[in-house]
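Single-structure report; data block below.
The values are calculated or read from the model by the stated rules, or taken from the named source; none is laboratory data. Fair warning: this is a prediction, and the values are worked out from it, not measured in the lab. Virtual Cβ from ideal backbone geometry, glycine too; neighbours counted across all protein chains shown.
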Amino acid sequence: MRYLVLTDIHANLEALETCLSDAARRRYDKVLVLGDLIGYGADPNAVVDRVQALGPVGIVRGNHDKIALGMEEAEGFNLVARSAAQWTLDALTPANRQWLIDLPQGPCTIDDFIEICHGSPFDEDAYVFDELDARRSLKVSVRPLCLFGHTHYPMTFELAGAHFDAMGPAAASEARLHLRDDVKYLVNPGSVGQPRDGDPRAAYAIVDTDAKLVYLMRLIYPVENAQAKVIAAGLPEVLARRLAAGR
Ligand code: ZN
């Protein structure tokens, strides 16, 4: 089985379409979405429609998707995120808003091999950056491979017995992770629509459960188009700038 894995799209249609074209060329059977479809970008409805059309077999809500419940959910957001959240809430169609409200909370098991979550398997809103939280996630996860998002930072953590290892983002447009038996993995493919690792390229993954391989992709996409839409929508300008910086 080949799973296409998308996370943190953040209403960036240009980045999403670029990832989908690339993934179609590589082939996949099913789609997994790890949350944060909306927030920051100018195309919340188009992105929701596109994800719905993909018919994901696994999807969890992200903290930005919870904004569909109302602005109270933006409590922990900074000023820019709050402003984007209000814009998004006003822009969402009632049907898309309801669909987002109904998204399940992670973690969710997908098959015998994979589970998915937004932040971590112990807390959907936790940010997993360091060894402490990664170890805790690996301990709590109930499958050999746990896929997560939320940090917008591609990372792979692995636990083989007591041996812990961590790997950061790769510069290559395609990196491969070979999954070994008796090792637990925690993998963040990185953000489709708002990378924050200093690399503006869109990120996504394909997991091949038969070949025991994770392909981690980075793709150049039409950033200027996404930026122009952010500006034209009247969203905070800093959101357009950060797309080009990947921060
Ligand atoms: Zn996010």
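Looking only at segment 180-198, which residues are surrounded by fewer than 24 Cβ atoms within 10 Å (Cβ to Cβ) and near the ligand (Cβ under 10 Å from one of its atoms)?
Residue satisfying the conditions is Arg196 alone.
Just to check your reading of the model, which residue among Ala23, Ala81, Ala42, Ala68 is assigned to a helix (DSSP H, G or I) and more than 24 Å from Ser120 (Cα to Cα)? Let's see the steps before the verdict.
Working: Ala81 fails: more than 24 Å from Ser120 (Cα to Cα); Ala42 fails: assigned to a helix (DSSP H, G or I); Ala68 fails: more than 24 Å from Ser120 (Cα to Cα).
None of the others qualify; the one that does is Ala23.
Go through Glu124, Glu115 for me and flag whichever is within 15 Å of the ligand (Cβ to nearest atom), acidic (Asp, Glu) and within 17 Å of the chain's Cα centre (by Cα).
Only one candidate qualifies: Glu124.
Just checking, which of Ala53, Ala84, Ala42, Ala68 is within 21 Å of Ser21 (Cβ to Cβ) and touching a helix residue (DSSP H, G or I) at 6+ places or on another chain (Cβ under 7 Å)?
Testing whether each residue is within 21 Å of Ser21 (Cβ to Cβ) and touching a helix residue (DSSP H, G or I) at 6+ places or on another chain (Cβ under 7 Å) leaves just Ala42.
Which of the numbered conditions does Arg26 fail, given that it passes all the others? Conditions: (1) at pLDDT 95 or above; (2) within 15 Å of the ligand (Cβ to nearest atom).
(2)
Tell me yes or no: at least one residue of segment 216-226 is farther than 16 Å from Tyr3 by Cβ and modelled with pLDDT under 95.
Taking every residue of segment 216-226 in turn, none turns out to be farther than 16 Å from Tyr3 by Cβ and modelled with pLDDT under 95.
Give Ala162, Ala166, Ala202 a once-over and let me know the one that is surrounded by fewer than 19 Cβ atoms within 10 Å (Cβ to Cβ) and either within 16 Å of the ligand (Cβ to nearest atom) or at pLDDT below 95 (or both).
Working: Ala166 fails: either within 16 Å of the ligand (Cβ to nearest atom) or at pLDDT below 95 (or both); Ala202 fails: surrounded by fewer than 19 Cβ atoms within 10 Å (Cβ to Cβ).
The match here is Ala162.
Within segment 77-99, is even one residue among the hydroxyl-bearing types (Ser, Thr, Tyr), crowded, with 16+ Cβ neighbours inside 10 Å and touching a strand residue (DSSP E or B) at 6+ places or on another chain (Cβ under 8 Å)?
No, segment 77-99 contains no residue that is among the hydroxyl-bearing types (Ser, Thr, Tyr), crowded, with 16+ Cβ neighbours inside 10 Å and touching a strand residue (DSSP E or B) at 6+ places or on another chain (Cβ under 8 Å).
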